[in-house]
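The values are calculated or read from the model by the stated rules, or taken from the named source; none is laboratory data. Just so we're clear, the structure is a prediction, and the values are computed from it rather than from any experiment. For neighbour counting, all protein chains shown are included, and Cβ atoms are generated from backbone atoms with ideal geometry for every residue, glycine included. Remember, those area values only see protein heavy atoms, side chains included, never the ligands or the DNA or RNA. Shrake-Rupley method; radii C 1.70, N 1.55, O 1.52, S 1.80 Å.
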Amino acid sequence: MDQMNFGDLLYTEMQPLAERLRPRTLEEFVGQKHLLGPGKVLRKMIESDQISSMIFWSPPGSGKTSLARIIASHTKASFIDFSAVTSGIKEIRQVMQQAEENRRYGEQTIVFVDEIHRFNKAQQDAFLPFVEKGSIILIGATTENPSFEINGALLSRCKVFVLHALGTEELVEILQRALRDPRGFGNQKIEMEPDMPELIANFANGDARAALSTLEMVILNGEIDGENGGAVRVSRETLEQCISKKSLLYDKKGEEHYNLISALHKSMRNSDPDAAVYWLARMLEAGEDPLYVARRIVRFASEDVGLADPQALPQAVAAYQACHYLGMPECNVHLTQAVVYLSLAPKSNALYVAYGEAREDAQTQLAEPVPLVIRNGVTQLMRDEKYGEGYQYAHDTEEKLTNMQCLPDSLLGREYYRPAGQGQEAAYKDRLEKIKEWKKSK
């Protein structure tokens with residue numbers, strides 16, 4: 001018996017920190033207050049033991065598996081942990097047979113399927129009859145949109161709960177607990193700078209498993225101070241080595257985050273590709289989400305380049321797609337291509353200014369009705385009310401133009417789009433001037 005206890009203890013100590021520190025109760029569970037806060041729907045279901053089949057959809061490391069195990073523990077049901085990565089139809093049938101046996105003895109069975117989106121249609125269909133007759137309570141976990149990855153028949157029998165990526169404060173709370181809890185490093189003396197948990201949390205990007213794994217690696221690589229009772233001292237250099245980052249870590253929601261994206265944007269606006277690439281590297285090497293940078297680049301393509309180079313937007317969107325497909329570090333070259341292209345492109349903010357002025361009018365001017373002439377008279381009643389009466393079809397004219405009024409009366413003659421005349425926008429400017437001259441002549 002003593003040998004068994006020692007073996008169990010040794011096995012527990014050999015487990016990764018994220019597994020050892022997995023929350024055992026709702027009180028230990030961090031995050032997802034929108035589902036588990038007092039009076040929230042999922043918490044009420046758990047506390048009243050009224051669990052039904054459900055799908056947890058969230059980014060990695062946000063607590064899907066931990067929550068499923070807490071549910072199983074709270075409901076005293078048999079819990080079967082099932083991986084869609086390593087299992088097939090044969091394994092599903094074996095699990096269902098076991099669940100049927102449990103049901104005969106009056107025991108509920110919760111089948112937790114991690115990565116359920118990896119099952120094909122036939123494998124997902126295998127769960128259907130057992131979910132329908134209540135042989136199992138299915139809890140599926142997925143990082144993919146269930147609407148696209150889970151069969152409609154199975155999805156209609158499950159409640160979908162969306163879990164959010166953990167915030168920095170929540171990750172710091174988990175890391176601080178790991179330093180206090182005997183399951184973590186509570187029995188050791190750990191010396192590290194006060195801001196290190198927050199730096200690790202920022203690097204983890206909402207993933208509790210990644211945060212705990214990084215903390216464990218940092219501490220295991222710390223220096224043991226023999227003169228201080230064997231305390232483990234973690235230096236900033238150790239942290240930087242363990243996460244393969246230099247001292248460029250910064251709060252992704254703080255001032256430096258906005259300072260750097262501002263520097264990138266304004267360097268591109270100033271047609272300085274060298275500075276733009278530098279600020280891009282500063283952000284990416286500090287752990288910034290490449291998709292965030294890509295979204296800002298897409299915005300820049302229309303805000304600061306626009307029709308001066310119509311290819312700017314496709315370049316930016318292609319860079320975003322490349323980031324989505326590849327991720328870091330491979331996508332850094334695609335972002336660099338887009339940044340350099342946009343830096344060298346002719347600049348025009350005519351579209352940005354046009355929408356800003358139109359928005360101001362839309363918000364402050366009287367909301368006049370759409371002129372009858374450009375309304376669509378799809379019913380006889382609408383046509384009787386003169387919807388579309390007098391409409392001129394531009395394609396029927398030789399010039400492909402008409403002098404029909406499309407703005408409300410109060411805004412007649414208002415000009416929003418004023419081309420800057422840079423790059424290809426010079427041609428659009430010339431075209432627009434000719435259109436306006438033609439309309440005046442008519």
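Being among the hydroxyl-bearing types (Ser, Thr, Tyr) and under 18 Å from ALA68 (Cβ atoms) narrows it down to one of SER135, SER147, SER156, so name that one. Talk me through it step by step, then tell me what you get.
Values: SER147 fails: under 18 Å from ALA68 (Cβ atoms); SER156 fails: under 18 Å from ALA68 (Cβ atoms).
One residue alone meets the criteria, SER135.
SER78 meets each of the listed conditions (1) surrounded by 15 or more Cβ atoms within 10 Å (Cβ to Cβ); (2) more than 21 Å from SER48 (Cβ to Cβ) apart from (2). Residues in the range 395-413 that are modelled with pLDDT of 85 or more, in a helix (DSSP H, G or I) and loosely packed, with under 10 Cβ neighbours inside 10 Å: HIS395, ASP396. How many of the residues in the range 79-110 are farther than 20 Å from LEU128 by Cβ and more than 26 Å from the chain's Cα centre (by Cα)? Of the residues in the range 79-110, 7 are farther than 20 Å from LEU128 by Cβ and more than 26 Å from the chain's Cα centre (by Cα). Residue count for the range 121-133, restricted to those that are touching a residue at least 24 places away in the same chain (Cβ under 8 Å), under 21 Å from GLN97 (Cβ atoms), open to solvent by 20 Å² or more (accessible area, probe 1.4 Å) and of a type outside the set (A, V, I, L, M, F, W, C): 3.
Taking the range 376-389 as the search range and keeping residues that are surrounded by 15 or more Cβ atoms within 10 Å (Cβ to Cβ) and touching a Leu at 6+ places or on another chain (Cβ under 9 Å), which one is farthest from LYS434 (Cα to Cα)?
Result: TYR387.
Residues that are more than 29 Å from PRO197 (Cα to Cα), β-branched (Val, Ile, Thr) and crowded, with 16+ Cβ neighbours inside 10 Å within the range 143-173 comprise just one, ILE150. Candidates ARG104, ARG93, ARG118: the one that is open to solvent by 80 Å² or more (accessible area, probe 1.4 Å), within 22 Å of ALA165 (Cβ to Cβ) and not β-branched (Val, Ile, Thr) is ARG118. Out of curiosity, is PHE29 part of a strand (DSSP E or B) and either touching a Gly at 6+ places or on another chain (Cβ under 9 Å) or exposed (fewer than 14 other Cβ atoms within 10 Å of the Cβ) (or both)? Here the answer is no, as PHE29 does not meet what is asked. All conditions but one from (1) modelled with pLDDT of 90 or more; (2) of a type in the set (A, V, I, L, M, F, W, C); (3) part of a loop (DSSP other than H, G, I, E, B) apply to ALA165; the one that does not is (1). In the range 225-236, is there at least one residue being modelled with pLDDT of 80 or more, part of a helix (DSSP H, G or I) and either crowded, with 20+ Cβ neighbours inside 10 Å or on the phi > 0 side of the Ramachandran plot (or both)? The answer is no; no qualifying residue exists. Of all residue pairs spaced 6 or more apart or on separate chains, those with beta-carbon atoms under 8 Å, a first member in the range 301-312 that is free of Cβ contacts under 8 Å to residues at least 40 places away in the same chain and a second member that is of a type in the set (Phe, Trp, Tyr) and surrounded by fewer than 23 Cβ atoms within 10 Å (Cβ to Cβ) are ALA312/TYR341.
Could you grab me the full set of residues in the range 334-361 that are of a type in the set (Val, Ile, Thr) and at pLDDT below 95? Residue satisfying the conditions is VAL353 alone. All conditions in (1) surrounded by fewer than 20 Cβ atoms within 10 Å (Cβ to Cβ); (2) closer than 21 Å to GLU173 by Cα; (3) at pLDDT below 90 hold for SER213, with the sole exception of (3).
Only one entry of ILE70, ILE46 meets the criterion of being outside any loop (DSSP other than H, G, I, E, B), of a type outside the set (Asp, Glu), in contact (Cβ under 8 Å) with a residue 12 or more places away in the chain and surrounded by 21 or more Cβ atoms within 10 Å (Cβ to Cβ), and that entry is ILE70.
Among residues of the range 414-437 that are open to solvent by 80 Å² or more (accessible area, probe 1.4 Å), those with a beta-carbon under 7 Å from a residue that is among the small types (Gly, Ala, Ser) at least six positions away or on a different chain give the pairs ARG418/ALA350; GLN422/ALA308; GLN422/SER348; GLN424/ALA308.
Screening GLN392 against (1) out of contact with any helix residue (DSSP H, G or I) (no Cβ under 7 Å at 6 or more places or on another chain); (2) surrounded by 15 or more Cβ atoms within 10 Å (Cβ to Cβ); (3) polar (S, T, N, Q) leaves a single unmet condition, (2).
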